[in-house]
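Below you'll find the structure, written out as structure tokens, and then a few comments.
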Amino acid sequence: MKLLRHLLLVAAIAPAIVHAAPKAKPAPKSVTSFFPQLELGRFLADNFDLASVRSSLAARRTPELRTFADFGMLPTNSGDDVVTFDGERWLYQLRVVRRADINNDGIEDLEVCFTDRAKGAAYDSSQGLLVSRYSDETYAVALRYESEACGPAKRDKTTTTLTVAPAKAQ
């Protein structure tokens with residue numbers, strides 16, 4: 001009888017013990033990277049494909065002019081997470097916010113804030129990009145991706161009203 005009682009007790013407790021036991025974590029997924037660990041900013045100056053993103057350079061871009069380096073632009077600042085081109089009339093900057101396999105394809109991506117600003121004019125654009133590179137022989141390209149790399153997006157789905165002041169009579 002004691003044996004039967006012990007077996008019933010074990011049968012009642014066993015599922016609770018199994019449920020409470022720590023679960024084995026799956027092995028981390030292997031991620032391949034085609035980006036350098038150091039001087040990433042300088043790398044982007046030479047290898048970021050401007051054809052993959054909207055920018056003020058689009059009007060001047062040709063098939064031969066794909067990167068900042070192709071345009072003859074030299075960085076005024078570059079490091080492990082940023083490259084800046086601060087010219088007389090324009091400022092361009094790529095700032096890496098995060099390195100990870102963001103889109104879960106097994107390849108390391110960069111979450112980047114791309115700033116494109118005219119000095120002394122109204123053009124001022126910042127956009128979050130997902131930048132990826134698929135081999136050591138290809139450009140780094142921007143992929144369509146919702147990102148807050150440049151800060152929270154300001155989305156106003158309402159209609160925009162433009163108010164124009166009346167012209168003064170002369």
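Condition first: assigned to a strand (DSSP E or B), farther than 18 Å from residue 143 by Cβ, touching a strand residue (DSSP E or B) at 6+ places or on another chain (Cβ under 8 Å) and of a type outside the set (S, T, N, Q). Can you find one or more residues in the range 67-81 that meet it?
There is no residue in the range 67-81 that is assigned to a strand (DSSP E or B), farther than 18 Å from residue 143 by Cβ, touching a strand residue (DSSP E or B) at 6+ places or on another chain (Cβ under 8 Å) and of a type outside the set (S, T, N, Q).
Considering only residues of the range 106-130 that are among the acidic types (Asp, Glu) and touching a residue at least 12 places away in the same chain (Cβ under 8 Å), which is farthest from residue 34 (Cα to Cα)?
So the residue we want is 116.
Within the range 91-107, track down each residue that is open to solvent by less than 30 Å² (accessible area, probe 1.4 Å) and either in a loop (DSSP other than H, G, I, E, B) or under 11 Å from residue 81 (Cβ atoms) (or both).
94, 96, 101, 102, 106
Restricting the range 50-67 to residues that are surrounded by 14 or more Cβ atoms within 10 Å (Cβ to Cβ) and farther than 17 Å from residue 126 by Cα, which is modelled with the lowest pLDDT?
61
Which ones in the range 108-128 are under 14 Å from residue 82 (Cβ atoms) and open to solvent by less than 30 Å² (accessible area, probe 1.4 Å)?
If the condition is that a residue be under 14 Å from residue 82 (Cβ atoms) and open to solvent by less than 30 Å² (accessible area, probe 1.4 Å), then 110, 111, 112, 113, 114, 115 are the ones that fit.
Please go through the range 129-142 and give me each residue that is in contact with a helix residue (DSSP H, G or I) (Cβ under 8 Å, 6 or more places away or on another chain) and open to solvent by 30 Å² or more (accessible area, probe 1.4 Å), ordered by number.
Scanning the range 129-142 gives 139, 141.
The values are calculated or read from the model by the stated rules, or taken from the named source; none is laboratory data. Predicted model, so just to flag it, every value in this text is computed and none were measured. In this analysis, Cβ positions are derived from the backbone assuming ideal geometry, glycine residues included, and neighbour counts consider all displayed protein chains. Accessible surface is based on the protein model in full, side chains and every heavy atom, while ligands, DNA and RNA are left aside. Shrake-Rupley method; radii C 1.70, N 1.55, O 1.52, S 1.80 Å.
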